[in-house]
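The values are calculated or read from the model by the stated rules, or taken from the named source; none is laboratory data. All values derive from a computational prediction rather than experimental measurement. Virtual Cβ from ideal backbone geometry, glycine too; neighbours counted across all protein chains shown. Surface areas here come from the heavy atoms of the whole protein model, side chains and all, with no ligands, DNA or RNA. Shrake-Rupley method; radii C 1.70, N 1.55, O 1.52, S 1.80 Å.
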Amino acid sequence: MAEENDSEKNQLQNTAIDYVASGVKATLGAIPFAGSLLSEIAGAVIPKQRIDRITDFAKRLERRIAHLERDAVRSEMDDEEFTDLVEESLRQAARATSEQRREYLASLLANSLSKDAVEHSESRHLLRLLGELSDVEVIWLRFYDNPVMGGDEQFRALHEVILEPVAAHMGSTQDELDKAALQKSYKAHLERLGLIAGKLKTDRNKNPELDKMSGEFKRQSYRTTNLGRLLLRSIDLNSELNL
């Protein structure tokens, strides 16, 4: 009896997934070019995920690839590396709660189709790196692409709340300590992924200074690495753009 109930339950679950997958395909099908490309994969890759996020992603991708030759884009679907890239883009888009994140994903996928783009397998590596970053960390990565005094004023003003430095000291409140710890963790994560590089702060004898509160070496400054700049270019967020 229990086996029969389990069987019925699985059948109902699979039916529900099929309905959702069909809904995804139907919704994407209304978007002329990008939608039809994605709908072939979406049903199998993202059952039960939010259709509105996938649709928003498809619309953003549509705008990004509208100028490309359609036959050339469709031919890329025969490349397994590209279909893997599309599948991972769909997975991340389904999880993306912010419109900006879906814009990053659409940009990366569209830019992978450029003649000057890196290989699809390399684009997928960039996509995985993007998937490891929060939206706040992406903003910090962009900030360190032009960290000089007075640089990138428009971008800094737009993200002033996030980029306002918070220094922790012995008399700091708990709230200040928490914010400082979070800011430090963003930079440490970016550095660990190889997206930014920190310059060690040294004393008069050229020895690295130790942070007594954390037990780690102090950083004097950070700069975006070549890998970090490549990721920023792939999502159209490099400092050369007026964003």
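Miscellaneous remarks
- Residue within the range 126-141 that is among the basic types (Lys, Arg) and within 30 Å of residue 183 (Cα to Cα) present: yes
- Neighbours by Cβ (under 9 Å, 6+ apart or cross-chain): first from the range 126-152, more than 18 Å from residue 107 (Cβ to Cβ) and hydroxyl-bearing (Ser, Thr, Tyr); second open to solvent by 30 Å² or more (accessible area, probe 1.4 Å) and at pLDDT 95 or above: none
- Yes/no for residue 101 being without any contact (Cβ under 8 Å) to a residue 60 or more places away in the chain, within 18 Å of residue 38 (Cβ to Cβ) and over 10 Å from the mean Cα position of the chain (by Cα): no
- For residue 169, the criteria (1) of a type outside the set (Asp, Glu); (2) closer than 30 Å to residue 93 by Cβ; (3) at pLDDT below 80 hold in every case but one, which is (2).
- Condition met for residue 186 (at pLDDT 90 or above, open to solvent by less than 70 Å² (accessible area, probe 1.4 Å) and in contact with a Phe, Trp or Tyr (Cβ under 9 Å, 6 or more places away or on another chain)): yes
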